[in-house]
1. Just to be sure I understand: of the beta bridges DSSP finds with both ends in the protein assembly as shown, what percent are antiparallel, rounded to 5?
2. Leaving out same-chain residues fewer than 8 places away, which lysines sit with a Cα under 18 Å from that of B:K8?
3. May I ask which residue of chain A has the beta-carbon nearest to the axis carrying chain A onto chain B, and at what distance in whole Å?
4. Could you please state, rounded to a whole Å, how far the C-alpha centre of segment B:97-139 is from the C-alpha centre of segment A:150-178?
5. Picking from A:A142, A:Y48, A:L161, whose Cα lies most toward the positive end of the charge dipole for segment A:8-176 (charges on Cβ: Lys, Arg +1; Asp, Glu -1)?
6. How far apart, in nm, are the 7 Å Cα→Cβ label points at A:D133 and A:K120?
7. Just to be sure I follow: if Rg is taken over the C-alpha atoms of the protein assembly as shown and Rh is the Kirkwood radius over the same atoms, what is Rg/Rh?
8. Could you tell me which of rounded, prolate or oblate describes segment B:85-178, using a ≥ b ≥ c as the square roots of the eigenvalues of the alpha-carbon gyration tensor, with rounded for a/c under 1.5 and, failing that, prolate when a/b is larger than b/c and oblate otherwise?
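No lab work stands behind these numbers, since they all come straight from the coordinates. The structure presented is a predicted model; accordingly, all values stated were derived computationally and were not measured. Cβ: placed from backbone, ideal geometry, glycine included. Neighbour counts: every protein chain shown.
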There are 2 protein chains.
Amino acid sequence: MMNLSKLKVVNLVHHSYEDLELWYPVIRLREEGVTVHLAGEEAKTQYYGKHGVPATADIGFSELSPEEYHGVLIPGGWAPDKLRRYKQVTEFIRMMNEGGKPIGEICHAGWVLISANVLKGKRVTSTPAIKDDMENAGAIWADEAVIIDKNLVSSRRPIDLPIYMKYYINMLKKHYDK
Amino acid sequence: MMNLSKLKVVNLVHHSYEDLELWYPVIRLREEGVTVHLAGEEAKTQYYGKHGVPATADIGFSELSPEEYHGVLIPGGWAPDKLRRYKQVTEFIRMMNEGGKPIGEICHAGWVLISANVLKGKRVTSTPAIKDDMENAGAIWADEAVIIDKNLVSSRRPIDLPIYMKYYINMLKKHYDK
């Protein structure tokens, strides 16, 4: 089985992220030996989840470089409503997607992909709250615990985290085991 | 590799648990297919972590049965200060330990093991805050990310969660792959 310890993945963070949707993927990837960075508006800024768990950004959005990272994760909660406003974030997602790199997104994270304009014709799921936004952006939406389409893994909510991360990790292994 | 989907593990919960120390192990074991129950003072009670993440007990302490569970996990935060007061909890831990079943405990969770009287001569770690309590109970304490002694896995704090759960899952696999 492939060892992931040479990979670097970045997880995007902003205020009112869904606490477990940010942290479960971060800790889970660290368990696999992956180097995980949190990227916020500015390095060293502290953000709080919607329930109150703190998270400190390792790097700022200006340091997001598609060459440096093997994958990206976007949590839900209301952080995506903030994240989508930054050109550096949407441009980073667009370039990661062009590079075919594994993108994981859960719950409301789809908003960021909408603004990065990468959903046309893609099969996805999300919290049902943003189904209309996802479909209006050209995605093919379904209410499933996890959906894979090429380099995109999407999931609905915290209860789906076990299968979400199982699939995301499998995608990293397949993609980089060449 | 052994499939864990026939196993049942119980995770103890009470007010002011450390949010990630409760939830990372729960979600992680579910990813492995393990059935995980949360046990609180009463079934269906809602508890909040010290940062505010909610958790609802599936069963009450009166339903804790050592025959039913293959392992037990105890989170840190200040929940252990509550948990150790219940005879049903300490008796359950004592019997799980006598049965040699995998016990995982992190941070302040050592207080529960002290009151269950199962630490004499055992090598453990914990948050340094309770080192004196652990040693006074007869444990051999060290400041390490994770320590294994027979059926006991102990760890210090949230940053240790990746290695803590890697070792706990390995212990479940070894113990039940007979």
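1. In the protein assembly as shown, DSSP labels about 30 percent of beta bridges as antiparallel.
2. B:K101, B:K166, B:K173, B:K174, B:K178
3. Its Cβ sits closest to the axis: A:G52, 2.
4. If we compute the Cα centre of each part, the gap is 36 Å.
5. A:A142
6. The two pseudo-label positions are separated by 2.1 nm.
7. So for the protein assembly as shown, dividing Rg by the Kirkwood Rh gives 0.99.
8. Note, shape of segment B:85-178 comes out oblate.
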